[in-house]
Each structure stands twice: as C-alpha cells, then as structure tokens.
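Participant: Quick one: the structure is below, questions incoming.
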Amino acid sequence: MLEKINFDVLVVGGGPAGSSAARIAAENGCTVALIEKEKEIAETVRTSGVTWISDIKQFGIPDECYNPIKKFSFCSPKNSVTISDEVAKAAVLDVRKTYRFLAERALNAGAKIFVSTNVSNILKNSRGKCVGVIAKSYEKEIQFNGKVIIDASGFASVVAKELGYVKQWKKFGVGAEFEVKTERLEYDNWWLMVGQEYSPAGYAWIFPTSENTARIGVGIGKPDSDVDPTIRLNELIDKKIGPIKDLGKIEKIEFHYGLIPNEGLSRKTVYDNVILVGDSAGQANPLVLEGIRYAIRFGEVAGRVVANAIKNKDTSETSLMPYEKEWRKSIESKINSAVKVQNRWVGLTDEEWDKELDIINELTADEFLDFIRADFGVSKMIKLATHHPKMIVRQLFNMVKGT
Ligand SMILES: Cc1cc2nc3c(=O)[nH]c(=O)nc-3n(C[C@H](O)[C@H](O)[C@H](O)COP(=O)(O)OP(=O)(O)OC[C@H]3O[C@@H](n4cnc5c(N)ncnc54)[C@H](O)[C@@H]3O)c2cc1C
C-alpha cells in the first residue's frame, strides 16, 4: 500500500550536505524529512575524512570527532618533504561520529529522519515540476510530497538524474582505503604519496585517526587511468611501499570505497522546487578531492534559502537562485584555480614529481595549507606570484593565476 506524507522540504541523502540542509531548514520553521537509504546514518564510510580545524570549529563539531594533524609529509619516488606547523590546523575526522552528530543536530532541530528508505523515483505535477519522491522503506512504498526537494544524495544525484537534469559524472575519482591498526605511527603527521607506483592519476595516503590507527588509501582519477585502486592499495600494503613500511605490522580493520565527482563546478544547481548540494552539485576541491566542508557549508546555505522561499510561497528557480549565487561567489574562482593545478599534477612523470616536491618544500606551513585547501584568494595569489623569495614558487603561482 502506498503511504503518503507531506513535508515542506524533502532532503534526499543523510550525508553531511543533507543533514546540514535539513537542520537549517527545520530551524527556520519548515517541516523536513531527511531520507537516507542505509540502515543508519554513515553505516558505510566512503570518505577519508580529512578537513580543517577552523571549519570544524565554525560548524560546532565537537573535539572528540577528530584527530588533529600538524605535519604534512609528501613523498614521490625519489624525494620526500615534511612541512611542520606549530599548531594543528588540519584534522582527520571520525567519519561516523561526525556524520551522526550532524544528523542528530538535524533531528534535534525538528527534522524527521527516515533511514532504510531508498528514493527510487520522483513525482511531477501537471506542469512537469518536481513535487515529491517515491521511496521504498521496509517493504512498503512511501510517497513523500514536498514543496522543495534537496538532492543531497552524493555522487548518485538520484533526484536530479531522475528528473533528467544531469547525467552520470564522466570525470571522477575512485578511492579505496583500509582503516588499519598500526604497530608504529606518527599520529599527527599525514602522508600524501605521489608518482606512478602509488597512483598513476591521483595519490595514495596515510591519514592517522588516533595514536595507533590510520586510513591508508589510494585514489585514482577516471577516465585518466584504468588502474583498480583496491588492487593497487593491497599491493602497496603487502609490499610495504614507501612510508607504509614505517608503520610496522598492519592489521586491517575496515574497508572503505567511494566515488567523487571531479568535473569542477560544471553543474547548474537550482531548478523549480529543486536544489542540488554537496557531491550531487560537484562541490569538491579538486586538488585532494575533499568536499566535506563544502557539503556542510552549502548544505546550510541551501537550508536557509529554501526556508526563505517557502516562507515567501515562491519555490521557483528564481527564488532559489540566491543559493547558487552564494556558493559560486564563495568558491568558484578558487576551484577554477585548483583545476589548473590538478591538470598540471595529473600529467607529471615520476621525475617531475620529484622536482615538484622541491617546490612544495619552499612553502611555509600556511602557504602549503592555503595551496592544498585551494584557498587561492586573488590577493594571496598575486603576493605569492610576485613577491615569494623563491622563483620556483613564483612560477607555480603564476601558473595558478593563469598568466
Ligand atoms: C575515497 C574518497 C575519499 C575522500 N576523502 C575526503 C577527505 O579526506 N576529505 C573530504 O573533505 N572529502 C573527502 N571525500 C569527499 C567527501 O566524502 C564528499 O565530498 C562528501 O561526503 C559529500 O557529502 P554529501 O553529503 O554530498 O554526500 P555523501 O556523503 O555521499 O552522502 C550522500 C548520502 O545519500 C544517501 N543516498 C544515496 N542515494 C540515495 C537514495 N536513492 N535514497 C536515499 N538516500 C540515498 C547515501 O547513502 C549517503 O548517505 C572523499 C571521497 C572519496 C570517494
């Protein structure tokens, strides 16, 4: 039997984007359904969880949700550098704890969470506008009617795809990762490992999550390379390549696997009654393919804009457009600069990577962090491109600027 339920806002996907959008919409007076297909929030981990402590603090995520990082090590086949900071500015999240914290905040704000509820279809009105979704939940079908539908379903973009607004991403990253227990670990030091042996189009990583646990992973860009990241990851761990050998005995605890879009900001993200947010919108920093902070931040923006639109009884594309304007203004030029660096990195040979690390070694900790975070503000970039004491760094930033 088809059950029918009405809400102001339907949020499809209980990841960081969905939970954040749901919370803000609920706090602003909307009735909200947060619909997640898995049995619990963050049942499956699909991310390495690296993010930045300034963002974590801004989002109000508690300290017990992350492991702080203050050393950033990079290795290529014949080179390695470590940049040390005085205080930790990066972090590796406990992904389950963080995502569940975000969802609980949405719940406390009044959103209703439906788990084990898989959205498989959309509902349109006579004018062809989306007015709801159909989902399967514990053997029954539910018709969720909503004034605005927020597609926060991640890479799958189920709502936007069903509506024919978007097609499957063609350029994306695939990552495979083991959460492991290690015999030895420098737990405030992360490793990024580059070059053909680690990943022919991407990088491998060691991200510590506690004093004796870490995530070791391999990310590969598609369609640039057809290497399978899971096979490559097992090879790196079995052969104990590079800094992996320093970890001593490794015990695998859990396997993670995921896909992340890598097409820059190519998608339009508002339509009549519909908003795309997070990975569904392609909001990721292409340099290291990190999107959690954008998912949370722009989820919040989406929740606010949607609540306003509903208050004003106008959920048209025009009324929702402030969302797209706000997020583009905040990151578009930075992401475009980061895409240029990514294009340069994807083409590097092993020997060129060895030299690239010499450039990275000339950056201060703050410069490195701005770089890896794709925090390429125009004034910062001009300063680095014209005044940095090292010519190789000036050249790098001139390239990022596009001159
Ligand atoms: C291997 C890998 C490593 C990464 N590492 C990092 C990192 O270190 N730092 C970082 O910031 N980012 C990282 N990312 C990216 C980051 O994970 C994403 O940018 C972020 O999770 C996006 O959040 P989201 O809420 O948009 O989507 P998701 O986190 O993917 O959440 C989408 C949710 O929608 C649900 N859903 C999907 N389809 C349906 C449906 N039909 N019905 C109901 N629910 C549905 C899913 O179950 C999921 O819970 C990584 C990604 C990958 C693949």
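Participant: Helix-only mean residue ellipticity at 222 nm, the chain, DSSP H runs n ≥ 4 weighted -39,500 (n - 2.57), per residue, nearest 500. What is it? Please report the intermediate quantities before stating the final value.
Facilitator: Details: 11 runs with 140 residues, N = 403.
It lands at -11000 deg cm²/dmol.
Participant: Only Lys, Arg, Asp and Glu count, each charged at its Cβ (+1, +1, -1, -1), so figure out the dipole size of the range 265-364 about its Cα centre, rounded to 20 debye. Walk me through the numbers on the way to the answer.
Facilitator: Working: 14 positive and 16 negative charges, 158 e Å.
In debye, rounded to 20, the range 265-364 gives about 760.
Participant: Go from 0 up to the bin containing the longest alpha carbon distance in the range 264-403, width 5 Å each, and give me the % of pairs per bin.
Facilitator: All Cα pairs, binned at 5 Å, distribute as 2, 10, 17, 19, 15, 11, 9, 7, 5, 3, 1, 0 percent.
Participant: If you don't mind, another one. Rank I250, I335, I149 by mean-square fluctuation in a GNM of the chain with C-alpha springs under 10 angstrom and give only the top-ranked residue.
Facilitator: I250
Participant: On the first, second and third principal axes, largest extent first, how far apart are the outermost C-alpha atoms of the range 1-136 in Å?
Facilitator: 62, 34, 29 Å, listed from the longest principal axis down.
Participant: Could you pull out every one of the lysines with an alpha carbon less than 21 Å from that of K329, ignoring same-chain neighbours closer than 8 positions?
Facilitator: Those lysines meeting the cut-off are K268, K340, K380, K401.
Participant: With a 1.4 Å probe and every protein chain left in place, work out the accessible area per residue of the range 330-399 in Å², rounded to a whole number. Mind dumping the intermediate values first?
Facilitator: Details: 3320 Å² over 70 residues.
Computed with neighbouring chains in place, this is 47 Å² per residue.
Participant: Once both axes come from the Cα atoms, what is the angle between helix 350-361 and the longest principal axis of the chain, in degrees from 0 to 90, rounded to 10?
Facilitator: The answer is roughly 90 degrees.
Participant: Given contacts defined as C-alpha pairs under 8 Å and at least six residues apart, what's the relative contact order of the chain, whole-number percent?
Facilitator: Values: 899 pairs, mean separation 79.5, N = 403.
Computed value for the chain: 20 percent relative contact order.
Participant: What percent of all Cα-Cα pairs in the range 121-172 falls in each 5 Å bin, counting up from 0?
Facilitator: 4, 18, 26, 24, 15, 8, 3, 0
Participant: Roughly how tilted is helix 95-108, in degrees to the nearest 10 and between 0 and 90, from the longest Cα axis of the chain?
Facilitator: So the helix axis and the longest Cα principal axis differ by about 30 degrees.
Participant: Which values, in whole Å and largest first, are the semi-axes of the equivalent ellipsoid of the range 100-252 obtained as the square root of 5 times each eigenvalue of the Cα gyration tensor?
Facilitator: Working: eigenvalues 327, 88, 30 Å².
With the √(5λ) rule applied to the range 100-252, the semi-axes are 40, 21, 12 Å.
Participant: Same structure, new question: Which of the aspartates and glutamates could a cross-linker bridge to K334, judged by Cα under 13 Å and excluding same-chain residues fewer than eight apart?
Facilitator: Those aspartates and glutamates meeting the cut-off are D370, D375.
Participant: Quick one: compute the contact order of the range 97-210, relative version, from alpha carbon pairs under 8 angstrom and 6+ residues apart, as a percent.
Facilitator: Values: 105 pairs, mean separation 14.8, N = 114.
Result for the range 97-210 is 13 percent.
Participant: What angle do you read, to the nearest 10 degrees and between 0 and 90, between the alpha-carbon axis of helix 391-401 and the longest principal axis of the chain?
Facilitator: 20 degrees
Participant: Can you list the equivalent-ellipsoid semi-axes of the chain, largest first and in whole Å, using the square root of 5 times each Cα gyration tensor eigenvalue? Present the calculation step by step, with values, prior to reporting the outcome.
Facilitator: Values: eigenvalues 278, 112, 70 Å².
Ellipsoid half-lengths, sorted descending, are 37, 24, 19 Å.
Participant: How long are the semi-axes of the equivalent ellipsoid of the range 189-327, defined as square roots of 5 times the Cα gyration tensor eigenvalues? Whole Å, largest first. Mind showing how you got there, number by number?
Facilitator: Values: eigenvalues 311, 53, 22 Å².
Listed largest to smallest, the semi-axes of the range 189-327 are 39, 16, 11 Å.
Participant: For the range 137-192, state which GluC sites (Glu not before Pro) are in a DSSP loop and have at most 14 other beta carbons lying within 10 Å of their beta carbon.
Facilitator: Sites meeting the loop and neighbour criteria: E139, E183.
Participant: Please sort by residue number the GluC sites (Glu not before Pro) in the range 201-257 whose DSSP state is loop and whose Cβ has at most 16 other Cβ atoms within 10 Å. Intermediate results must be reported in sequence, preceding the final value.
Facilitator: Working: sites: E211, E235, E251, E254; in loops: E211.
Here the GluC sites (Glu not before Pro) that fit, given the DSSP loop and packing criteria, are E211.
Participant: Mind checking the range 54-112 for GluC sites (Glu not before Pro) that DSSP puts in a loop (not H, G, I, E or B) and that have at most 10 other Cβ atoms within 10 Å? Display every interim value, and only then the final one.
Facilitator: Values: sites: E64, E86, E104; in loops: E86.
Within the range 54-112, the qualifying GluC sites (Glu not before Pro) (loop, at most 10 other Cβ atoms within 10 Å) are E86.
Participant: I'm a student and want to see the number: the projected area of the Cα convex hull of the range 282-323, averaged over all directions, in nm². Before the final figure, lay out each step's value.
Facilitator: Numbers: hull surface 12.3 nm².
Reported value for the Cα convex hull: 3.1 nm².
Participant: Same structure, new question: Work out Dmax and Rg for the range 161-223 from the C-alpha atoms and quote the Rg first, both in angstrom.
Facilitator: Expressed in Å, the Cα Rg and Dmax of the range 161-223 come to 15.7, 50.
Participant: Considering only DSSP beta bridges where both residues belong to the chain, give the percentage that are antiparallel (nearest 5). Let's see the in-between values first.
Facilitator: On the way: 61 of 86 bridges.
That works out to approximately 70 percent antiparallel.
Participant: Okay, next question. Compute the distance from the alpha-carbon center of the range 166-204 to that of the range 272-332, in whole Å.
Facilitator: Value for the Cα centre distance between the two parts: 28 Å.
Participant: Going by Cα centres, the range 108-142 and the range 68-89 are how many Å apart?
Facilitator: Here the answer is 45 Å between Cα centres.
Participant: Turning to a different aspect of this structure: Could you list, bin by bin from short to long, the percent of Cα-Cα pairs of the range 71-171 in 5 Å steps?
Facilitator: Binned Cα distances yield the sequence 2, 9, 13, 14, 14, 12, 9, 7, 7, 6, 4, 2, 0.
Participant: Let me ask you something else. Show which lysines lie in cross-link reach of K249 when reach means a straight Cα distance below 22 angstrom and same-chain residues fewer than eight apart are skipped.
Facilitator: Leaving aside lysines fewer than 8 places away in the same chain, those within reach of K249 are K181, K239, K240.
Participant: Also: With a 1.4 Å probe and every protein chain kept in, tell me what percent of the accessible surface of the chain is carbon plus sulfur. List each step's numbers first, then the result.
Facilitator: Details: 8560 of 17050 Å².
Summing carbon and sulfur atoms, their accessible area is 50 percent of the total for the chain.
Participant: Using protein chains only and a probe of 1.4 angstrom, how many square angstrom of R105 are accessible, to the nearest 10?
Facilitator: 50 Å²
Participant: Still on this model: Anyone know which of A309, A160, A111 comes out most mobile in the 10 Å Cα GNM of the chain?
Facilitator: A309
The values are calculated or read from the model by the stated rules, or taken from the named source; none is laboratory data. On a predicted model such as this, the values are computed, not experimentally measured, just so you know. Using ideal geometry, Cβ is built from the backbone for each residue, glycine included, and neighbour counts are taken over all protein chains shown. Side chains included, ligands, DNA and RNA excluded: accessible areas come from the protein's heavy atoms. Shrake-Rupley method; radii C 1.70, N 1.55, O 1.52, S 1.80 Å.
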